[in-house]
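Written below as structure tokens is the structure these notes are about.
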Amino acid sequence: MRNKNLVILVIVIIIVVVGLWWYFAMPNPSTTNNENATSTGSSTASGVTVGGATMLPTQNLVENASQANNLSTFVSALQEAGLANILQSESAGPFTIFAPSNDAFAKLATSTLDSWMQPENQSELQKILKYDVVEGTIRTQDMQDGDVLTTLEGDTLKITKDAQGNIMINGKAMIETPDVVSSNGILHVIDTVLVPNDSGVSSISVSSSTSESTSSSASTSN
């Protein structure tokens, strides 16, 4: 009888050990799903870093852009143009913004940016910035080579992909930081300022600051 009880005890112990092993060894479905969500959609789950700051999906487009130190010129331009309130409105969106970085604005002649930021040129600045904005939420995974997007300014942007797979806008601006998810849309950081062809600002110089400096030096030497 004693031997029989001992056998039963051993069997029970084995069952408990196997059960515990099974419980801890098998993956947790909810954990696995969360890990997959993070790896495939990190911009939505945990935010992406832009200009040293973490972009939060719970913040609106302007709030996120204002936190990024490499988008300060773009944010200042939005405020000067009177567009910041529109692009941070939860009711007006969603929007997709192609936001030029500070380095993109630095490619312009200093006189060009200064001219755009003058109060008397607010309407021209609005046209330029509206050319960076498209209604709806468009992720890079949704962008196909040859796609044409209509902007808030009324003109169009053309999406292309170069040989390295980089997404280009109008063949000039490359998306540097994609898919910054915000509460009222999505933002893509681009490396070149886009200017609409028929906005009435085409006559404003968009030459690089380097070219401007070279021209000034040439004039001085002559």
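Here are some notes:
- Residue within the stretch 56-68 that is within 22 Å of Val195 (Cα to Cα) and surrounded by fewer than 19 Cβ atoms within 10 Å (Cβ to Cβ) present: no
- Residue list for the stretch 82-105, filter: modelled with pLDDT of 95 or more and of a type in the set (Gly, Ala, Ser): Ala99, Ser101, Ala104
- Thr137, sole failed condition from (1) open to solvent by less than 60 Å² (accessible area, probe 1.4 Å); (2) hydroxyl-bearing (Ser, Thr, Tyr); (3) within 18 Å of the chain's Cα centre (by Cα): (1)
- Counted as qualifying within the stretch 78-122 are no helices (runs of 4 or more DSSP H), as none has 3 or more residues that are touching a Leu at 6+ places or on another chain (Cβ under 9 Å) and open to solvent by 60 Å² or more (accessible area, probe 1.4 Å).
The values are calculated or read from the model by the stated rules, or taken from the named source; none is laboratory data. Since we're looking at a predicted model, the values are computed, not measured. So basically every Cβ, Gly included, is an ideal-geometry build from the backbone, and we count neighbours across all protein chains shown. Accessible surface is based on the protein model in full, side chains and every heavy atom, while ligands, DNA and RNA are left aside. Shrake-Rupley method; radii C 1.70, N 1.55, O 1.52, S 1.80 Å.
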